[in-house]
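**Q** Sending over a structure as structure tokens; questions will come in a sec.
No value in this document is a laboratory result; all are computed from the given coordinates. Computed from a predicted model, the values in this text were never measured in an experiment. Backbone-built Cβ (ideal geometry, glycine too); neighbour counts: all protein chains shown.
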Amino acid sequence: MKAATMKPVLTSILCAALFACTPTARRAPTVSPPMVLPLTGDHLKEQEPDSCGASKLGHLVGQNEGMLRTVALKGRYRAISPDTLVTQEYDAFRLNAYVDDAGTIQRLTCG
């Protein structure tokens, strides 16, 4: 074979070899959508109702938030006043005490 006819053949073989080495397109892994909890009013529905013992602490509603330190709690607690920014992670054993500007407990929830 002449060199002139070998050039296109070699080029074709080289292109085929390079094409075989290119990575194939891979599909992105499928991700299930995040779990959406149903809303009740303007608050998320509790995933594990009363896991923090809020129903047993109803006597604290109307009291000063300092009273939370006088009772035995299952886990942590946080006092949430009207202008407080809070994280949205859910902790079933954390007691949320919603207080007004004067520090009076208005309601208690778990989360």
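**Q** What number comes out for the charge environment of residue 83, summing +1 per Lys or Arg and -1 per Asp or Glu over other residues with Cβ under 13 Å away?
**A** Working: positive: none; negative: 100, 101.
Counting the neighbours of residue 83, the net charge comes to -2.
**Q** What number comes out for the charge environment of residue 101, summing +1 per Lys or Arg and -1 per Asp or Glu over other residues with Cβ under 14 Å away? Before the final figure, lay out each step's value.
**A** Values: positive: none; negative: 65, 83, 100.
Spelling it out: positives minus negatives among the neighbours equals -3.
**Q** Now a separate question. Counting Lys and Arg as +1 and Asp and Glu as -1, what is the net charge of the other residues whose Cβ lies under 14 Å from the Cβ of residue 62? Spell out each step's value before the answer.
**A** On the way: positive: 107; negative: 65, 100.
Value of the local net charge: -1.
**Q** How do 86, 61 line up, fewest other C-beta atoms within 10 Å first? Could you put the intermediate results ahead of the total?
**A** Values: 86 10, 61 14.
By the 10 Å Cβ count, ascending, the order reads 86, 61.
**Q** Only counting other Cβ atoms within 10 Å, I'd like 52, 110 sorted with the fewest neighbours first. Each step should come with its number before you reach the end.
**A** Values: 52 25, 110 22.
Final ranking by Cβ density, sparse to dense: 110, 52.
**Q** Compute the convex hull volume of the Cα atoms of region 45-110, divide it by the residue count, and report the result per residue in Å³ as a whole number. Numbers along the way, then the final one.
**A** Numbers: hull volume 5.3 nm³, N = 66.
Cα-based convex hull of region 45-110, divided per residue, equals 80 Å³.
**Q** Based only on other Cβ atoms within 10 Å, what is the fewest-to-most ordering of 105, 80?
**A** Numbers: 105 21, 80 17.
Exposure proxy ranking, most exposed first: 80, 105.
**Q** Which value, in debye to the nearest 20, gives the size of the charge dipole of region 45-110 about its Cα centre, when Lys and Arg are +1 and Asp and Glu are -1 at the Cβ? Numbers along the way, then the final one.
**A** Working: 8 positive and 9 negative charges, 53 e Å.
So the dipole magnitude of region 45-110 works out to roughly 260 debye.
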